[in-house]
1. Quick one: is residue 50 open to solvent by less than 10 Å² (accessible area, probe 1.4 Å), in a strand (DSSP E or B) and over 12 Å from residue 99 (Cβ atoms)?
2. Determine if the stretch 12-34 includes at least one residue that is at pLDDT below 95, within 11 Å of the chain's Cα centre (by Cα) and either among the basic types (Lys, Arg) or assigned to a strand (DSSP E or B) (or both).
3. Give me the pairs: first residue in the stretch 77-95 and farther than 17 Å from residue 65 by Cα, second residue among the aromatic types (Phe, Trp, Tyr) and surrounded by fewer than 22 Cβ atoms within 10 Å (Cβ to Cβ), beta-carbon distance under 6 Å, and six or more apart or on different chains, which are they?
4. Only one of 116, 39 is under 14 Å from the mean Cα position of the chain (by Cα), open to solvent by 90 Å² or more (accessible area, probe 1.4 Å) and polar (S, T, N, Q); which?
Amino acid sequence: QVQFVESGGGLVQPGGSLRLSCVVSGYTRDYYGIGWFRQAPGKEREGITCLSSSSGITYYSDSVKGRFTVSRDNAKNAVYVQMNNLTTEDAGVYSCHVDCLTFDGSRRVHWGQGTQVPVST
């Protein structure tokens, strides 16, 4: 069973920045990437980033491209996302997962608790 522990969320003002962390543990074989999802209040969970395990390429949704940057530390089995120039539309609960290449947040998988990112004045 794969487990995810997200951290780093917190209140941030519009235009601000935040760095989130995700530590992955458990069996990950046959998964094809690792990335981030988010769910805004009243909206569906959406994929925003995914690092392909086969190619090493990181993909970003149009809504975050140019503002968010993914990195990882294999020694720590962790993945991070640096989020810059945040807007109120970026607010939500952020989660990570190894099953991310389709950017489909509705897929039936086991999610961690996520970390909340309120964006407000």
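1. no
2. Yes, the stretch 12-34 has at least one match.
3. Taking only residues 6 or more apart or on different chains, the pairs are 95/111.
4. 116
The values are calculated or read from the model by the stated rules, or taken from the named source; none is laboratory data. These numbers come from a predicted model, not from an experiment. Cβ sites come from the backbone with ideal geometry, for glycine too, and all protein chains shown count toward neighbours. Protein only, heavy atoms only, side chains kept; ligands, DNA and RNA dropped before computing areas. Shrake-Rupley method; radii C 1.70, N 1.55, O 1.52, S 1.80 Å.
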